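Have a look at the structure below before the remarks.
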Amino acid sequence: MANANNADQRFDVVIAGGGYVGLSLSLALQKADPALSVAVVDPKPMDQLASDPRASAIAAAASRMLDQLGLWSELLPSAQPINEMIVTDSKLRDVVRPVFLTFDGEVTKGEPFAHMVPNGKMMPALHNAAKALGVQFFALDTALTFRSETTKTLVQLKSGASIEARLLVAADGVRSKLRSLAGIKTVHWDYGQSGIVTMVKHERPHDGRAEEHFLPAGPFAILPLPGNRSSLVWTEKTADAERLVKSDDFTFELELERRFGHHLGKIELGGPKNAYPLGLTLAREFVRPRFALIGDAAHGIHPIAGQGLNLGFKDVAALAEVIVDARRLGQDIGSSDVLERYQRWRRFDTLQMGIVTDVLNRLFSNDNDMLRAVRDFGLGLVDRMPGLKSQFISEASGFAGPAPKLLSGEPI
């Protein structure tokens, strides 16, 4: 490493990756402890992130965290609350799709269990708030290599600069290069599926209702957006997904209509269509000395439960609390003892969610009549058990298990 022993700049925490999770961590740390020096290294231009036409499902716990970070009031006017959710299970050729499970959308009175928030609004809000608090950005740059020493980590950037940190946090995605450099192994398998993500316009209002249709190729989720619009997360076998995305809009809309149905009137494509390969990736460890994983770098799961980003926000809340508490106690924030607290807090919850989404995908993404009868019986049983439904809502809202302070709406 060039300049390895003569760092150009020194920070308490360096975050590699300026997506939602990396930016949220930088903001949470800087807001809780203004004396911390925090830097974010990210290769993507902000104008590209601000033009993202997609939307994300933000659970109630995550919205409480964003409120504590001072952003929720800015995001709420463009957000769409999810007031209700229905679950169906059918074959593509079925004329009628019976509803087996329904969820009311509130965790407390007036608080929906989730909102759909436009990515193009959330990313600039996080970036601007972090920058205003003093987070330093190494824009259009990449962390190429690093070396952890007894009291510091030395990070070499693509630009040639060398920076020093007491703690390096990798938030560089499911194919994390830094995770590999740290020697952290993963459990991984490919589902042979891809998720088609797009937006549709429809004739009738959705009334804030989300829909999850389990079809043989995989789940087909309709998620409400402001106005007569909905976001789609449409799972298909990878070859079929690639064919659909490459097809013309007329062909795509014909296939879309077969799955979407006619209950919201005439539909038309309202945005770009893209397909993303789906798999399960779980890091065997979340930490090494002076190094931690968060977000997709630690876990990539199937979108069947809509919990991917919300798991990342849980990582943020837990790691920020661990770091700030350690600082207040005069401890070394990059030490193995401190980072182990974060790992204990997050690894089991992540493993549990990974297993749940894997089992759900395998159970529902098939055309087996016997399995279908069993799962439909199970869905109907859950629908008749208010206590169990409440537990599912609590999980979907992000409140299951011991919650970090930020996710409970409390400052660190």
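The values are calculated or read from the model by the stated rules, or taken from the named source; none is laboratory data. Remember, it's a predicted structure, so these values are computed and weren't measured experimentally. Cβ placement follows ideal geometry from the backbone for every residue including glycine, while neighbour counts extend to all protein chains displayed.
A few comments on the model shown:
- All strands (runs of 3 or more DSSP E) inside region 191-243 with 1 or more residues being farther than 26 Å from ALA79 by Cα and in contact (Cβ under 8 Å) with a residue 60 or more places away in the chain: 209-215, 218-225
- Any chance SER90 is among the small types (Gly, Ala, Ser) and under 27 Å from PHE214 (Cβ atoms): yes
- Complete set of residues in region 91-111 that are more than 24 Å from the chain's Cα centre (by Cα), farther than 15 Å from ASP376 by Cα and among the β-branched types (Val, Ile, Thr): VAL95
- Of all residues in region 354-372, those being exposed (fewer than 15 other Cβ atoms within 10 Å of the Cβ) and of a type in the set (Lys, Arg) number 1.
- Residue that is farthest from MET370 (Cα to Cα), among those in region 189-218 that are aromatic (Phe, Trp, Tyr) and in contact with a helix residue (DSSP H, G or I) (Cβ under 8 Å, 6 or more places away or on another chain): TYR191
- Which listed residue, of LEU379, LEU363, is closer than 24 Å to SER90 by Cα, part of a helix (DSSP H, G or I) and free of Cβ contacts under 8 Å to residues at least 24 places away in the same chain: LEU363
- Subset of region 136-169 (residues that are touching a Lys or Arg at 6+ places or on another chain (Cβ under 7 Å), charged (D, E, K, R) and assigned to a strand (DSSP E or B)): GLU164, ARG166
- Spans of helices (runs of 4 or more DSSP H) in region 1-86 with at least 3 residues farther than 15 Å from GLY120 by Cα and in contact with a strand residue (DSSP E or B) (Cβ under 9 Å, 6 or more places away or on another chain): 20-32, 60-68
- When region 75-124 is filtered for residues that are acidic (Asp, Glu) and either touching a Pro at 6+ places or on another chain (Cβ under 7 Å) or surrounded by fewer than 16 Cβ atoms within 10 Å (Cβ to Cβ) (or both), the ones remaining, listed by number, are ASP94, ASP104, GLU106, GLU111.
- Only one of the numbered conditions (1) touching a strand residue (DSSP E or B) at 6+ places or on another chain (Cβ under 6 Å); (2) at negative phi is not met by GLU321, and that is (1).
- Candidates GLY300, GLY270, GLY261, GLY295 - the one that is modelled with pLDDT under 95 and surrounded by 18 or more Cβ atoms within 10 Å (Cβ to Cβ): GLY270
- Any hit, region 109-131, residues being more than 21 Å from GLY312 (Cα to Cα), touching a helix residue (DSSP H, G or I) at 6+ places or on another chain (Cβ under 9 Å) and of a type in the set (S, T, N, Q): no
- Test result for GLY22, farther than 28 Å from PRO219 by Cα, in contact (Cβ under 8 Å) with a residue 12 or more places away in the chain and surrounded by fewer than 18 Cβ atoms within 10 Å (Cβ to Cβ): no
- Test: residue in region 70-81 that is modelled with pLDDT under 95 and under 17 Å from the mean Cα position of the chain (by Cα): no
- Near pairs, Cβ below 7 angstrom, 6+ apart or cross-chain, from region 30-47 (farther than 12 Å from VAL13 by Cα) to any residue that is surrounded by fewer than 20 Cβ atoms within 10 Å (Cβ to Cβ) and of a type in the set (Ser, Thr, Tyr): PRO43/THR142
- Annotation note: of LEU27, LEU75, LEU71, LEU23, the sole residue that is aliphatic (A, V, I, L, M) and closer than 20 Å to LEU157 by Cβ is LEU23.
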